[in-house]
Number of protein chains: 2
Amino acid sequence: MQKGRLTLPSEENFYEETKEIMERWGADAIRDSDGTTLDEKVKSLPVNIYSTYFVARGHNEFAEEHPEETQQLYLLSERTTATSRTVVISFMKGYLKEQIKPDYLHNEKKWWEVIDRTTGEVIATDQWGLDKETHQVTIQDATPFHEYTVSFLAYMIWDPTQMYNQITNDWKNIPHDIPFDVRQPNSNQYMKDYLEQWLIDHPDTDVVRFTTFYYHFTLFFNEERKEKFVDWFGYGGTVSVKALIDFEEAKGYRLRPEHFIDQGYYNSTFRNPSKEYLDYIDFIQEFVAKEAKALVDLVHAAGKEAIMFLGDNWIGTEPYGKYFERIGMDAVVGSVGGGATLRMISDIPHVKYTEGRFLPYFFPDTFYEGNNPVIEANENWLTARRAIMRKPLDRIGYGGYLSLAYQFPDFISYIEKIADEFRDIHSTIKEVTPHTALRVAVLNSWGALRSWQSHMVAHALRYKQIYSYQGILEALSGMPVDVTFISFDEVIESGVPEGIDVIINAGDAETSFSGGDYWLNDKLVTTIREWVYNGGGLIGIGEPTAVHHQGQFFQLSRVFGVDKELGFSLSTDKYFDQVTPEHFITKDKTEFDFGESMKNVYSLNESTEILEYSNEEIHLSSHEFGKGRGVYMAGLPFSIENTRLLYRSLYYAAHKEEEFEKWNVSNPYCEVHYYPEIKKAAIVNNSLEIQETEYFDGTGNKESIVLKPSELRWKEYHDEK
Amino acid sequence: MQKGRLTLPSEENFYEETKEIMERWGADAIRDSDGTTLDEKVKSLPVNIYSTYFVARGHNEFAEEHPEETQQLYLLSERTTATSRTVVISFMKGYLKEQIKPDYLHNEKKWWEVIDRTTGEVIATDQWGLDKETHQVTIQDATPFHEYTVSFLAYMIWDPTQMYNQITNDWKNIPHDIPFDVRQPNSNQYMKDYLEQWLIDHPDTDVVRFTTFYYHFTLFFNEERKEKFVDWFGYGGTVSVKALIDFEEAKGYRLRPEHFIDQGYYNSTFRNPSKEYLDYIDFIQEFVAKEAKALVDLVHAAGKEAIMFLGDNWIGTEPYGKYFERIGMDAVVGSVGGGATLRMISDIPHVKYTEGRFLPYFFPDTFYEGNNPVIEANENWLTARRAIMRKPLDRIGYGGYLSLAYQFPDFISYIEKIADEFRDIHSTIKEVTPHTALRVAVLNSWGALRSWQSHMVAHALRYKQIYSYQGILEALSGMPVDVTFISFDEVIESGVPEGIDVIINAGDAETSFSGGDYWLNDKLVTTIREWVYNGGGLIGIGEPTAVHHQGQFFQLSRVFGVDKELGFSLSTDKYFDQVTPEHFITKDKTEFDFGESMKNVYSLNESTEILEYSNEEIHLSSHEFGKGRGVYMAGLPFSIENTRLLYRSLYYAAHKEEEFEKWNVSNPYCEVHYYPEIKKAAIVNNSLEIQETEYFDGTGNKESIVLKPSELRWKEYHDEK
């Protein structure tokens, strides 16, 4: 049996057990974690040693000498109602002073903004004054009962990840790591010098695991030491006076505080990005890539590998961005919450390998007496395996306290099995292109930059407003389809890419994922309409193509055959409520789960095939448009049933129903992955129960098979003749 | 026992029974109906005779001689996607040719419009042509995959009410009544001449019951003879080439077809009205009032009374409009669906009396063997009686076939009881001002013009999108509060009227009832904010004050303490979900029914009192703002429980909780109405069960009482001293 491709966490005084597990799991690499140190003896094992490395924090002796090089961010005060002509705004209210310190080094009249939020107007700088003692701005000649805000520049004096860990785990007496800024001269030099020395001091390290580079995603806490704001994609922490000056030089215009504050939304990824924000992202990415490359080059010069953790200080390094390749990373490692997050890692281009850190984390929240961690591991593995079958990671790994996991022998055995299964899959299909039934494009404002990252607030966390959309990517992650991510701007510029069978547009109205005002662009709507008319498939979920304009809300309502009633057309009778009883899309379904669902969607005319109708509204429908088809869904939270529903919808939208019974199964709890180059098919049971299914191969044969819980069964096909 | 104040329908060959019922019910008036004729002997009874009179239809011999004077309307073709440079639009598709005939008498290039609905641009008239044989418009040089519509002028060749009755009842061999237009010279003269002669020919008629005057609310049918569009407030049927020319002369500018078509919404009352539409309403109302007065003058000259039915051809006569008084109507009669529709009639100013036609209608859908019509009558009476206690009608009446009702002796007895109770109430409280605990203003785009008419599509019909708001007016209709209706424009011009305790703003975002873009007006928002800050109460229901602007959706979110998450601020943590366990507003409640409810409403900070929280969102809350308060509700469908909930909310918003136990009861199924001038209180049981309740009079006394089902009990108070 093949070994390797697995990274193990270890700790001090745990050598024998580490060695045992290393052998059983076939680990070929061992890592330290936040809060653990490797035993010296471990370093002598026949494995690679991964060492966690922090670039921009953990050096307070340096940071305190250069307070002017502390990382910065723009923050918005509370909205304050004027009850007279004078308004006093305590702009630090709600912020954690351990983390946030107003920037009183630079001229506030130049770098801050006071805004009348009732009108949106900027208040003249001579109309307000700053009191640095009380952290208050006082506005004169205000308009009573208008609302005012202060956009202020601050220093971030506590690294957000350390802050999170320290507060969450109640660590005592640990100094707050002050993040310093690579854009500043001393910090820049310090980071390089320190790494150079570190590389010399760590001869045992084979792989430097950067966590990550320079800028943390936006994360700040409130006065009660609880999270106040988190945006996994946020560029909030990259700003500084120097960055603003450099930006003006690079792009030829000056940014306002409001370009960061964005009405208090801080350029959430759910907002259609402004041109200025896109310019700023580009500016930061180019800069971060250049600086990251400098460190990676040092690692390489020392004969080691450089691997990057996808998270924490990852801002500017986005692996699907246009500058990532320049960094020259050897690998990326990320946390696997399911299939979509796995694909987010395994699809990353321009690296030699990718690694997924699997769940559960070896922490006491899962590893406690009476709990069976195998269950979580099994569920995590089943969702991840679907994605692996399409695009495998090159390595898997775990994190946390190995000594804790060791107390659960069933768990140790189970991971041994998973590790073998992973290596078996990897060795079989790596470098092999799987059979692709359909080519699917997810269309939103972000396109490829946010591949496998749509509808995400904080990494893998559930929010009521997103789970009904996240099921789409999770379902797609393990389907025998190709998935690409395209942006509205690309479609406007160059049309729909060649070869796409189905486009998916999904999200709440006005969000970047649905598109909002983009749908006022006549080039966009005509391009998509024409493309569907000539045979394309369009699947809309939630409020697709939605912006109220010229008598309709869904701008492609004539493609979908449905629109959403906003109250303006109640006078128009809506007669269509008859469900098409037999339909390709709903063949496996009797009940539906649309998650948060969508209200008041109705059919425009009798040509819409209504597939689900309840509560006086449509939640699932299809419609012919020329040679193409539109399919509407009210929501798609992840489940095996909804995965099947989407799978059927894709075939239907693409007009390829007759190909559905090729390399497929009748039972939605199973899936088939076929690899033509090696003439092998994998039939998988994605459930924890025994499943019986019809299995259709690609040659027209059908057979009944029974799969054990979680089973993966290979079928080999030999050359005919 | 007092008699009178009741109108009875009758029919031929039913004299003796009519006489019997007349005496038992105390009727003092008898009317004919559509499809019935009064027996000659009935006319000799000691009652007034009401005769139904149609002004603008029922004279096809005249109408056919003057086809150019047929009533008109603007209609929109189906939205047609261009798939090449040439687009053919069959603009009559979807319309009932029995009702609609394109206007080929006037120049289509002058009066029609072809619009590119993708851009909103009007297509040059030389780019399209009309084929009058096929009813098609062909557009040349179209942009492929844009969508196009034709706005065309048509004649309405079948009166909508007659069409509805004829199709619904499957009447055979009855010619279609062609509606003719009082704005046209021959029609105008004909209407007057005919009425003059008719008055001479009907000496037995005491009261002419106009049904109604000139223009029907917008109602057209589709090709399958089913309703296609209905708007009880729609001015669609008032338009004509002559009206457009007259309008230009009167108002100094020309209207476009689009001012009527309104993107296909036809100026639904749910739309914020455009300036042009408001001008047009004014123009029509002034004209209709002038012409209606001419007919009423003829009736008066003949020594008869003129009464108007509130419905059907009522457009332009709106009783709360500024020209209604000029007509000189003696009375208005309308259909009573519940308390709100009763108040819509009983609050009408400038008439000598009002009459409500009660339910059930004497039709076979209720009066069939095995059914007990007393139940419907009792329910209708209980909802209506609440409103009568605040503002009584002067008369009640019934409609349909008396011979049918006569077969249900329990029903005849029950109405006898209702009639006596009505007269008892009327004689006791007519002209007496009831005690008013609070003054409530309903704030929307329409104000007083649509008093008691908000959120209505077709008279008293239920729609999924409106019932959660209609409960507000229904609840208010019988509460011991004063209700006025104010418009945004009034508040912007002159502030909140004196004496108002609570303002209610309710509706879905962007509708005229919520207000949409009005909430961008800084005069409006500051006026309301300041008013609440100084002690006013604001109740918002659904999506109040909602328009996305400068970082918030509810523009008065700081008054309500809540806003609605649109997806842009998901990154901001929302911690507040703790329900205030003991609160004045929720004192009687354990369960809630918010109807269609509202999603994703959250608290802005800890100062909001959350009163209901489920499904990760708030549906009921209150918040202090200065000396005033804001209350938020997700919806308020009508029920006795919700009436109580609103009642408590009003007291709370007005900061008058300490007055709640005056002239009130502890049991939500009961209500108290006090009349200080006569020192009488009425305690009513609004339910069909026995109710026990604490009763609080206005002097601090409390007693327990038990009320029989539906009971109304008077209490007399004598002068103290």
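The values are calculated or read from the model by the stated rules, or taken from the named source; none is laboratory data. Just so we're clear, the structure is a prediction, and the values are computed from it rather than from any experiment. Glycine gets a Cβ as well: all are built from the backbone with ideal geometry, and neighbour counts include every protein chain shown. Note: areas computed on protein heavy atoms with side chains; ligands, DNA, RNA excluded. Shrake-Rupley method; radii C 1.70, N 1.55, O 1.52, S 1.80 Å.
Beta bridges assigned by DSSP with both partners in the protein assembly as shown are antiparallel in approximately 55 percent of cases. Between identical copies, the spacing of residue B:194 label points, each set 7 Å from Cα toward the C-beta atom, reads 9.5 nm from nearest to farthest.
A Förster distance of 51 Å, applied to the separation of the beta-carbon atoms of residue B:322 and residue A:365, puts the FRET efficiency at 0.15.
Partner shielding of A:263-273 amounts to 4, given as the average count of beta-carbon atoms from other chains within 10 Å of each residue beta-carbon.
In this Cβ point-charge picture (+1 for Lys and Arg, -1 for Asp and Glu), segment A:219-295 has a dipole of about 60 debye about its Cα centre.
Computed over chain B, the per-residue total of -39500 (n - 2.57) for DSSP H runs of n ≥ 4 gives a 222 nm mean residue ellipticity of -8000 deg cm²/dmol, rounded to 500. Taking 7 Å steps out from each Cα toward its Cβ at residue A:127 and residue A:716 produces label points 8.0 nm apart.
Taking the Cβ of residue A:406 as the centre, find all other residues whose Cβ is under 10 Å away and add up their charges (Lys, Arg: +1; Asp, Glu: -1). Residues near residue A:406 contribute -2 overall.
What separates the Cα centres of segment B:423-501 and segment A:600-625 is a distance of 37 Å. Whole-Hz Karplus values for segment A:157-162 come out as 9, 8, 4, x, 5, 5 Hz, taken residue by residue from phi with 6.51 cos²θ - 1.76 cosθ + 1.60 and θ = phi - 60°; glycine and proline positions read x.
Close amide H partners of residue B:11, meaning residues 5 or more places away or on another chain with modelled amide H under 5 Å apart, are B:39.
Restricting the GluC sites (Glu not before Pro) of segment B:445-528 to loop positions (DSSP other than H, G, I, E, B) with no more than 15 neighbouring Cβ atoms within 10 Å leaves B:498. Based on Cα contacts under 8 Å between residues 6+ apart, segment A:196-283 shows a relative contact order of 20 percent.
Mean per-residue shielding of peptide B:144-154 is 3, counting Cβ atoms of other chains within 10 Å of each Cβ. For segment B:365-473, the list of GluC sites (Glu not before Pro) that fall in a loop by DSSP and count at most 15 other C-beta atoms within 10 angstrom reads B:369, B:431. Computed from protein heavy atoms with a 1.4 Å probe, the total accessible area buried between B and A is close to 5800 Å².
In this Cβ point-charge picture (+1 for Lys and Arg, -1 for Asp and Glu), segment B:5-62 has a dipole of about 280 debye about its Cα centre.
Among the listed pairs A:464/B:464; A:523/A:587; B:41/B:352; A:251/A:293, those with a Cα-Cα distance over 27 Å are A:523/A:587; B:41/B:352. As a length-normalised measure over Cα pairs under 8 Å and 6 or more apart, the relative contact order of chain A settles at 10 percent.
Each Lys and Arg contributes +1 and each Asp and Glu -1, all at the Cβ; summed about the Cα centre of chain A, the dipole is approximately 700 debye. The fraction of accessible area contributed by carbon and sulfur in the protein assembly as shown is 47 percent, rounded to a whole number (1.4 Å probe; ligands and nucleic acids excluded).
List the distances, in nm and shortest first, from the label point of residue B:410 to the matching label points in every other copy, placing each point 7 Å from Cα along the Cα-to-Cβ direction. Computed spacing set for this position: 6.5 nm.
For residue A:313, neighbours were defined as the other residues whose beta-carbon sits under 11 Å from its Cβ, and their charges (Lys and Arg +1, Asp and Glu -1) total -1. Contact order, relative form, for segment B:256-335: 30 percent (alpha carbon pairs under 8 Å, 6 or more residues apart, mean separation divided by residue count).
Straight-line cross-link partners of residue A:132 among the lysines, defined as a Cα under 27 Å from its Cα and at least 8 positions apart when in the same chain: A:93, A:97, A:101, A:109, A:110, A:226, A:228, A:242. Counting only protein heavy atoms and a 1.4 Å probe, the protein assembly as shown has 36 square angstrom of accessible area per residue. Peptide A:547-557 has a mean of 4 when you count, residue by residue, the C-beta atoms of other protein chains within 10 Å of its C-beta. Between residue A:226 and residue B:16, the C-beta separation translates, for a Förster distance of 51 Å, into a calculated FRET efficiency of about 0.05. Computed from phi, the 3J(HN,Hα) profile of segment B:136-149 under the Karplus parametrisation 6.51, -1.76, 1.60 (θ = phi - 60°) reads 10, 10, 10, 9, 9, 6, 6, 8, x, 6, 7, 10, 10, 9 Hz, with x in place of Gly and Pro.
Near residue B:524, once Lys and Arg are set to +1 and Asp and Glu to -1 for all other residues with Cβ below 13 Å from its Cβ, the sum equals -4. FRET efficiency for the residue B:249 to residue B:61 pair, using the beta carbon distance and R₀ = 45 Å, is estimated at 0.90. The chymotrypsin sites (Phe, Trp or Tyr not before Pro) of segment B:244-290 meeting both criteria, a DSSP state outside H, G, I, E and B (loop) and at most 14 other C-beta atoms within 10 angstrom of the site's C-beta, are B:253. By Cβ position, the chain B residue that hugs the axis carrying B onto A most closely, with its distance in whole Å, is B:599, 4.
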